[in-house]
Amino acid sequence: MINVYTDDREYKEVFATSKRMVLSDEPEKSDIILMTNKSALFKIMREKQWAVEKDEKPIIFVTDYRLLKNSFDIVGAFYWKKGRSQLLFIKNRLDAYNITLPEEYEDFLVDTL
């Protein structure tokens, strides 16, 4: 099971129905942190108490393209652009976490912003 932390009510409802993901109440005990707004993201990043090692830190994913520029710890984003869903992963950030995406996700991989 994958532990996911989010403070967004709508995403909590989505994850609550998942068979592969479990909601976490604490960001530092999660595998993935999904942040939907800038102030909540900055609060999490200021207060993070987890280990410095990349393989022990939760992966941070956002729902706003502009938030990707805020930290090297943010590995990707799922967002809307002109009414279309967009999925984006940043290669060097995934590499820092030793994450390799399946082949079918390579179209969503970029080297830099």
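The values are calculated or read from the model by the stated rules, or taken from the named source; none is laboratory data. All values reported here derive from a predicted model rather than from experimental measurement. Every residue, glycine among them, receives a Cβ derived from its backbone with ideal geometry; neighbour counts consider all protein chains shown. Heads up: the accessible areas ignore ligands, DNA and RNA and are worked out on the full protein's heavy atoms, side chains in. Shrake-Rupley method; radii C 1.70, N 1.55, O 1.52, S 1.80 Å.
Quick rundown of the values:
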read-out: Residues of the stretch 81-105 classified as surrounded by 10 or more Cβ atoms within 10 Å (Cβ to Cβ), touching a strand residue (DSSP E or B) at 6+ places or on another chain (Cβ under 9 Å) and not in a loop (DSSP other than H, G, I, E, B), total; value: 10
read-out: Residue that is modelled with the highest pLDDT [pool: residues in the stretch 27-36 that are open to solvent by less than 100 Å² (accessible area, probe 1.4 Å) and part of a helix (DSSP H, G or I)]; value: PRO27
read-out: Given (1) in contact with a Leu (Cβ under 8 Å, 6 or more places away or on another chain); (2) modelled with pLDDT of 90 or more; (3) part of a helix (DSSP H, G or I); (4) open to solvent by 40 Å² or more (accessible area, probe 1.4 Å), index of the condition PHE78 fails; value: (3)
read-out: Single match in LYS69, LYS91 (criterion: modelled with pLDDT under 90 and either over 21 Å from PHE42 (Cα atoms) or of a type outside the set (A, V, I, L, M) (or both)); value: LYS69
read-out: Test for TYR65: is it without any contact (Cβ under 8 Å) to a residue 24 or more places away in the chain and aromatic (Phe, Trp, Tyr); value: yes
read-out: Unmet criterion (only one of (1) of a type in the set (Val, Ile, Thr); (2) outside any strand (DSSP E or B); (3) surrounded by 13 or more Cβ atoms within 10 Å (Cβ to Cβ)) for THR112; value: (3)
read-out: The stretch 37-66, subset assigned to a loop (DSSP other than H, G, I, E, B) and of a type in the set (Lys, Arg), residue modelled with the highest pLDDT; value: LYS57
read-out: Complete set of residues in the stretch 65-75 that are more than 16 Å from SER39 (Cα to Cα) and open to solvent by 70 Å² or more (accessible area, probe 1.4 Å); value: PHE72
read-out: Inter-residue pairs, beta-carbon under 9 Å, first within 13 Å of ILE59 (Cβ to Cβ) and in the stretch 92-113, second acidic (Asp, Glu) and open to solvent by 50 Å² or more (accessible area, probe 1.4 Å), 6+ apart; value: TYR97/ASP55; ASN98/ASP55
read-out: Qualifying residue in the stretch 1-15 (condition: more than 15 Å from VAL110 (Cβ to Cβ), in contact (Cβ under 8 Å) with a residue 12 or more places away in the chain and loosely packed, with under 15 Cβ neighbours inside 10 Å); value: yes
